[in-house]
1. Quick check on my filter: what residues within the range 104-132 are among the β-branched types (V, I, T) and surrounded by fewer than 21 Cβ atoms within 10 Å (Cβ to Cβ)?
2. Under the condition of being in contact (Cβ under 8 Å) with a residue 12 or more places away in the chain and charged (D, E, K, R), which residue from the range 288-326 is nearest to G276 (Cα to Cα)?
3. Sort through D272, D237 and tell me the only one that's in the same structural domain as T210 (by TED's automatic domain parsing), of a type outside the set (S, T, Y) and surrounded by 15 or more Cβ atoms within 10 Å (Cβ to Cβ).
4. Could you tell me which of the residues F357, F332, F345 is touching a Leu at 6+ places or on another chain (Cβ under 7 Å) and either β-branched (V, I, T) or farther than 18 Å from H207 by Cα (or both)?
5. If L116 satisfies every condition in (1) under 17 Å from the mean Cα position of the chain (by Cα); (2) at pLDDT 80 or above; (3) under 20 Å from L238 (Cβ atoms) but one, which is the exception?
6. Determine whether S96 is among the hydroxyl-bearing types (S, T, Y) and touching a residue at least 60 places away in the same chain (Cβ under 8 Å).
7. Mind checking which residues of the range 285-307 are basic (K, R), modelled with pLDDT of 95 or more and within 26 Å of the chain's Cα centre (by Cα)?
8. Among (1) modelled with pLDDT under 80; (2) out of contact with any His (no Cβ under 9 Å at 6 or more places or on another chain), where does S93 come up short?
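The values are calculated or read from the model by the stated rules, or taken from the named source; none is laboratory data. Everything quoted here is computed from the prediction, not taken from an experiment. Here the Cβ positions follow ideal geometry from the backbone for every residue, glycine too, while neighbour counts run over all protein chains shown.
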Amino acid sequence: MGNKEKFDHPENSKDYKGLKVNEGISQPEPVSNESVKRFLNKRRNLLPVKDYVDGILRGDITLLSKAVTLVESANPKHQQIAQEIISLCLPYSGNSVRIGITGVPGVGKSTFIEALGKYITEGGGKLAVLAIDPSSERTKGSILGDKTRMEELAGDKNAYIRPSPSAGSLGGVARKTRETIILCEAAGFNHIFIETVGVGQSETAVHSMTDFFLLLMLAGAGDELQGIKRGIMEMADLIAINKADGNNIEKAQLAKIQYNNALHLFPKKESDWIPGVLTCSAANKTGIKEIWEQIEKYKILTEANGYFSSKRNRQATYWMHETIQEKLKRDFYDNSAIKIKIEEFENEVLKDKMSSFAAAGELLKLFSDLK
């Protein structure tokens, strides 16, 4: 070893006493760009549509998850494949009860879903838990943590928990959830839970894709009837007051009376179902059986009077129109000519040189002329 090599590290010079730096190991050959490309291409390989469909129909969770990922993707190629998969799975869907579950933050949705979910799977049912959460990245919504919080259910071979996309418009996320329902039903899941993160606009979207709407509430959290919007209470087919345990039992019973009185003020439901209020403790697994019995009674009643199927038919046409509106809106704002012009028209509106309505009319006319 020459002097140059010996003193490559200045610290090894005789001028420094008590210091020594060992030679490092020889560096491996750099990975070629071609190797990286091959690895990435392998990861991106898409299966034939038939493989996805066959896998879903035999209950393959891995292929179901891959198909749901295609549904959630914004890539046009992925969307095309996803729509083909959905079309082929459609004849095998519809054989489930779809339950919307919502409630104020902190009500214990994850614990409740796990308790009710385990009750279903232990009774021989298969359960998929989906979500409507268009803003979880901002709000740190609950569903993205559900797989860790619902450990028992997440490890159940008869349960499937799918976190929602973490970004996107409410309409877009809701449509993808609606399509995911079809794939889950085709995979043999005969119970679908659709959870919302809190109390807001997403409840309307959930109501438009479920058979039964369950509202979870807390007792002893202040003025009971101020914590929730009237519209959401009107949508509810059942109100369940969670955490009715320990010192909270008396408060839960009082809240039950208050909510029952409030429900009597609402008009009669088209389904002929009379919504009720029950108390439960998801942590102690009490009251869960009674809640499920109410859901089953609702299904029997609405199937007998025809409301169950007529509601699903209305929902199907509703989502057709919603999808048209969403696509038109996306095409409008993604149009390069509109992108250029929209800022110009915004300035005209801000300077009071043009009304908002006239500007919108001009932009829509421009978009129409471009087609």
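1. V104, T111, T121
2. By that ranking, first place goes to E290.
3. D237
4. Sole residue among the options that is touching a Leu at 6+ places or on another chain (Cβ under 7 Å) and either β-branched (V, I, T) or farther than 18 Å from H207 by Cα (or both): F345.
5. Evaluating L116 over (1) under 17 Å from the mean Cα position of the chain (by Cα); (2) at pLDDT 80 or above; (3) under 20 Å from L238 (Cβ atoms) leaves (1) as the failure.
6. So S96 fits the description; yes.
7. Of everything in the range 285-307, those that are basic (K, R), modelled with pLDDT of 95 or more and within 26 Å of the chain's Cα centre (by Cα) turn out to be K289, K299.
8. Unmet for S93, out of (1) modelled with pLDDT under 80; (2) out of contact with any His (no Cβ under 9 Å at 6 or more places or on another chain): (1).
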